[in-house]
Amino acid sequence: MRIYQWLKWSRVALSLLILIGISWYFTGVRVQWTQGLSLLLKAQFVPAFLSSLGASLLALASILLLTVLLGRIYCSLLCPLGVFQDVVIRISHLFKTKKQRLFRYTKDPKWLRYSILSLTIIAWIVGFTLPLLLLDPYGNYGRMASHLFKPVVYTVHNGLHHIWPDTIYYQSYIAGSILGWLLPVAIFVTVVGMSAFRGRLFCNSLCPVGSFLGIISKYAAFRPVVDKSACNHCGLCGMKCKAECINSKEQQIDYSRCVACFNCTLACQPEAVRFVFSWKKQPPQEPASIPVKNNTRRAFIAAAGSMAGVAAVYRAAGGRLLTGSSSPDTIAPPGARSHAHLKQFCTSCQACVAACPTRIIQPTIKGYGLDGWMLPAINFQNGFCTYSCNRCSQVCPTSALERVSLEEKKIIRIGKARLTFRNCVVNTDRTDCGACDEHCPTKAVRMVPWGDTGLRRPQVDVEYCIGCGGCEFICPTTPKAIVVQAQSVHDTALPPPIEKQQRIQVDDFGF
């Protein structure tokens with residue numbers, strides 16, 4: 001019993017530290033060590049899976065190995081949405097009677113679970129990423145933290161600034177559109193409601209990651225087992241199981257839904273429920289799991305396999321991706337390669353949004369079409385892409401934004417500046433300006449003589465332009481005289497030109 005107490009509280013402490021770390025990354029004000037928290041983002045299943053397609057297999061292999069050894073402990077240890085559900089369950093118990101806090105065994109909604117899993121996988125294979133975007137637990141928590149929790153944190157932080165202005169600096173917050181809040185609010189209400197009344201119901205009915213790991217966990221090396229000879233049929237193990245997967249009457253455990261929380265082992269007074277090594281031969285009286293009808297399981301596997309096969313053939317044969325059309329004005333962050341690449345690998349977790357120091361990366365509602373809802377796009381209204389910054393590509397947990405060095409980022413072209421001279425101050429006010437020239441880091445915009453007026457006007461050399469938006473942001477006119485035109489496929493600009501220098505021989509002092 002003592003070892004299970006140690007295991008449970010160690011799991012609780014570690015899971016809370018991970019949840020706090022991930023939450024701080026998405027909601028906390030920027031400090032130097034905050035960037036190190038981005039490593040926690042890469043330890044999530046869907047980002048690890050998508051990264052593995054780019055030959056980064058370590059995170060995915062680690063999660064799968066952990067599941068093979070201990071079952072679905074990922075869901076109660078590493079998954080921020082899973083740990084958040086545990087927090088909600090705990091808080092909801094403060095408002096319930098002792099009887100209301102007890103859970104009861106429910107039948108596994110396997111048709112719902114595996115249908116959602118199959119449709120999510122098949123939709124992703126054919127290029128329609130919306131189901132994965134809507135159901136990825138890590139992405140959903142990132143959106144909740146960025147759009148619901150972050151405003152609260154910044155409000156408190158800036159309130160403290162007014163009390164201690166010399167100690168705490170003011171942090172500005174750029175709010176997104178009202179439509180951008182709809183999905184986070186819907187997920188928050190759904191998760192909180194399910195958790196408060198039914199424990200881990202969201203994990204075991206809607207979450208495709210939980211369903212996939214549940215298939216593996218049925219064959220995990222270490223699993224909880226009910227010792228029938230020691231069981232006194234008190235039912236406490238089932239009443240404490242927040243996954244509602246213990247049938248205490250039949251003394252059976254559904255391992256596909258068990259999240260290895262150790263609640264059952266601590267609730268069992270005669271210690272009839274304990275974790276054992278299951279890869280050895282088990283006595284006949286110890287069932288491995290709740291039996292599933294072979295015909296049902298085989299029919300499901302056959303149907304899912306057939307649909308996945310058809311989808312794979314469709315994709316391999318060059319079938320058109322089922323993606324909505326992107327807006328030509330949507331600018332994808334550096335490292336995205338193209339709109340299509342971003343839509344295929346991005347989970348809309350908002351990690352790049354949280355990392356951007358100038359806050360120009362914001363989720364877009366319709367910039368990438370229906371299946372690109374809430375994906376990141378650049379808006380130059382409040383800033384521009386800093387020439388010496390590549391944070392967004394460094395923190396992306398998937399390969400949606402490929403990791404690029406600072407030197408590589410300086411020549412990645414995400415758009416091209418376009419000048420409308422009739423709107424320029426030089427033309428309208430007949431006066432010199434040159435703000436766009438001064439703010440262009442690559443010297444793609446430079447001032448040249450304008451006829452015989454004695455004035456100098458801007459000229460754009462697009463071969464050097466990377467679309468950083470410095471010119472657009474600083475342009476004082478309305479409408480803007482110079483704007484960045486998006487490129488749906490990124491390419492490479494020429495390195496900034498080096499100004500020619502002449503060596504001058506000075507025979508004497510120059511004054």
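The values are calculated or read from the model by the stated rules, or taken from the named source; none is laboratory data. Keep in mind it's a predicted model, so treat the numbers as computed, not measured. No Cβ is skipped: glycine too gets one built from the backbone with ideal geometry, and neighbour counts run over all protein chains shown. Just the protein is used for accessible areas: all its heavy atoms, side chains included, with ligands, DNA and RNA removed. Shrake-Rupley method; radii C 1.70, N 1.55, O 1.52, S 1.80 Å.
Structure summary
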| quantity | calculated |
| --- | --- |
| Single condition Arg223 does not satisfy, out of (1) touching a Gly at 6+ places or on another chain (Cβ under 8 Å); (2) assigned to a loop (DSSP other than H, G, I, E, B) | (2) |
| 2 or more residues within 21 Å of Phe380 (Cα to Cα): qualifying helices (runs of 4 or more DSSP H) within segment 396-480 | 406-409, 435-439, 470-474 |
| Residue list for segment 369-390, restricted to those being buried (at least 24 other Cβ atoms within 10 Å of the Cβ), over 13 Å from Ala336 (Cα atoms) and over 12 Å from the mean Cα position of the chain (by Cα) | Gly372, Cys385 |
| Segment 209-221 residues that are touching a residue at least 12 places away in the same chain (Cβ under 8 Å) and buried (at least 21 other Cβ atoms within 10 Å of the Cβ), paired with ones that are basic (Lys, Arg) and assigned to a helix (DSSP H, G or I) (beta carbon under 9 Å, 6 or more apart) | Gly210/Arg113; Ser211/Lys110; Ser211/Arg113; Gly214/Arg113 |
| Selected residue (criterion: farthest from Pro333 (Cα to Cα)) from residues of segment 479-499 that are open to solvent by 70 Å² or more (accessible area, probe 1.4 Å) and among the hydrophobic types (A, V, I, L, M, F, W, C) | Ile498 |
| Among the candidates Pro333, Pro357, residue that is open to solvent by 20 Å² or more (accessible area, probe 1.4 Å), closer than 25 Å to Thr442 by Cβ and not in a helix (DSSP H, G or I) | Pro357 |
| Test: Phe421 is open to solvent by less than 20 Å² (accessible area, probe 1.4 Å), aromatic (Phe, Trp, Tyr) and either farther than 25 Å from Cys349 by Cα or in contact with a strand residue (DSSP E or B) (Cβ under 8 Å, 6 or more places away or on another chain) (or both) | no |
| Residues being small (Gly, Ala, Ser) and touching a strand residue (DSSP E or B) at 6+ places or on another chain (Cβ under 7 Å) - total across segment 45-74 | 1 |
| Hey, Ile121 assigned to a loop (DSSP other than H, G, I, E, B) and either of a type in the set (Val, Ile, Thr) or at pLDDT 90 or above (or both) or not | no |
| Hey, Ser393 out of contact with any Phe, Trp or Tyr (no Cβ under 7 Å at 6 or more places or on another chain) and crowded, with 23+ Cβ neighbours inside 10 Å or not | yes |
| Cβ pairs under 8 Å, 6+ apart, first in segment 141-164 and under 27 Å from Val46 (Cβ atoms), second among the aromatic types (Phe, Trp, Tyr) and open to solvent by 30 Å² or more (accessible area, probe 1.4 Å) | Met144/Phe188; His147/Trp181; Leu148/Trp181; Leu148/Phe188; Lys150/Tyr173; Pro151/Tyr173 |
| Criterion violated by Lys249 - all others in (1) open to solvent by 40 Å² or more (accessible area, probe 1.4 Å); (2) within 24 Å of the chain's Cα centre (by Cα) satisfied | (2) |
| Answer from Arg104, Arg113, Arg90 - the residue that is assigned to a loop (DSSP other than H, G, I, E, B) and charged (D, E, K, R) | Arg104 |
| Filter result (modelled with pLDDT of 55 or more and either buried (at least 18 other Cβ atoms within 10 Å of the Cβ) or outside any loop (DSSP other than H, G, I, E, B) (or both)) within segment 314-330 | Thr323, Ser326, Thr330 |
| Positions within segment 221-253 being more than 25 Å from Leu64 (Cα to Cα) and among the polar types (S, T, N, Q), in sequence order | Ser229, Asn232, Asn247, Ser248, Gln251 |
| Among residues of segment 252-285, those that are within 20 Å of Gly214 (Cα to Cα), modelled with pLDDT under 90 and open to solvent by 30 Å² or more (accessible area, probe 1.4 Å), counted | 1 |
| Residue that is least open to solvent (accessible area, probe 1.4 Å), among those in segment 168-193 that are over 17 Å from Tyr138 (Cβ atoms), touching a residue at least 40 places away in the same chain (Cβ under 8 Å) and not in a loop (DSSP other than H, G, I, E, B) | Gly180 |
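For (1) within 14 Å of the chain's Cα centre (by Cα); (2) among the hydroxyl-bearing types (Ser, Thr, Tyr), each residue gets a yes or a no:
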site	(1), (2)
Gln44	yes, no
Ala61	no, no
Pro109	no, no
Tyr114	no, yes
Ile122	no, no
Asp136	yes, no
